[in-house]
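Peer 1: Once you've had a glance at the structure underneath, I'll fire off some questions.
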Amino acid sequence: MGKKVLMIIAKEGFRDEEYKEPKDIFEKAGLAVTTASSTLGIARGKLGMKAKVDTTLSDVQVSDYDAIVFVGGPGSYVYFDDTIAQGIAKDTLKAGKILGAICAAPSILANAG
């Protein structure tokens, strides 16, 4: 069974290249990538990229993924004090899984403790 990565983006204002470039690398390496955000539908990047949201943060089960990555950009600020996002970060570490954050998104991890 292949490895699975969850990428968490803001519904509005994620940083386009911080989502697209890692996603492309993960997929080229044979990893299955799921995109999560606060709501379903289409998320829009700061520079205009559109991304399909596969699942909501409230539906994320950390046990379903091998790694979780928070994508930065000005939109990521909405997750800085979000208890669901912080819970995902904490649960990822407790489960011994890979946890990453790009650019501004490490503030989510810092606020989660």
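Peer 1: Given the pairs Lys4/Lys52; Lys28/Lys94; Lys46/Lys97; Lys20/Lys94, which span a C-alpha to C-alpha distance of over 25 angstrom in this model?
Peer 2: The answer is Lys28/Lys94; Lys46/Lys97; Lys20/Lys94.
Peer 1: Peptides 93-99, 38-44: what's the order by average Cβ count within 10 Å, highest mean first?
Peer 2: 38-44, 93-99
Peer 1: Quick check on the chain: helices-only [θ] at 222 nm, where DSSP H runs of length 4 and up contribute -39,500 (n - 2.57) each and the sum goes over total residues. Nearest 500, please. Numbers along the way, then the final one.
Peer 2: Values: 3 runs with 32 residues, N = 113.
About -8500 deg cm²/dmol.
Peer 1: Still on this structure: If each residue of separation counts as 0.36 nm, what is the full-extension length gain between Lys3 and Thr39 once their alpha-carbon separation is subtracted?
Peer 2: 10.5 nm
Peer 1: What does DSSP give for the chain in terms of the percent of beta bridges that are antiparallel, rounded to the nearest 5?
Peer 2: 20
Peer 1: Percent relative contact order of region 53-113, based on C-alpha pairs within less than 8 angstrom and at least six residues apart?
Peer 2: 43
Peer 1: Separate question: For Ile8, enumerate residues with amide H under 5 Å from its amide H, sequence gap 5+ or separate chain, H modeled in the peptide plane.
Peer 2: Ala36, Val69, Phe70, Val71
Peer 1: Enter the accessible area per residue of the chain (Å², integer; probe 1.4 Å; all protein chains in place).
Peer 2: Working: 5850 Å² over 113 residues.
Per-residue value: 52 Å².
Peer 1: For the ranges 80-87, 22-29, what's the packing order if you count other beta-carbon atoms within 10 Å of each residue, average per peptide, and put the highest first?
Peer 2: Answer by packing, highest mean first, reads 80-87, 22-29.
Peer 1: Post the alpha-carbon centroid distance, region 8-23 to region 64-113, in whole angstrom.
Peer 2: Going from one Cα centre to the other spans 14 Å.
Peer 1: May I ask for the net charge around Cys103, where only other residues with Cβ less than 14 Å from the Cβ of Cys103 are counted and Lys, Arg are +1 while Asp, Glu are -1?
Peer 2: -1
Peer 1: Keeping the other protein chains in place, figure out the carbon and sulfur percent of the accessible area of the chain, with a 1.4 Å probe.
Peer 2: Heavy-atom surface of the chain belonging to carbon and sulfur, 1.4 Å probe: 54 percent.
Peer 1: A follow-up question, please. Restricting to Cα atoms and excluding each atom paired with itself, what does the Kirkwood estimate give for the chain in Å?
Peer 2: 13.6 Å is the Kirkwood radius here.
The values are calculated or read from the model by the stated rules, or taken from the named source; none is laboratory data. Everything numeric here is computed off the predicted structure, so don't read it as measured data. Here Cβ is always computed from backbone atoms with ideal geometry, including for glycine, and neighbour counts include all displayed protein chains. These accessible areas exclude ligands, DNA and RNA; they are computed on the full protein's heavy atoms, side chains included. Shrake-Rupley method; radii C 1.70, N 1.55, O 1.52, S 1.80 Å.
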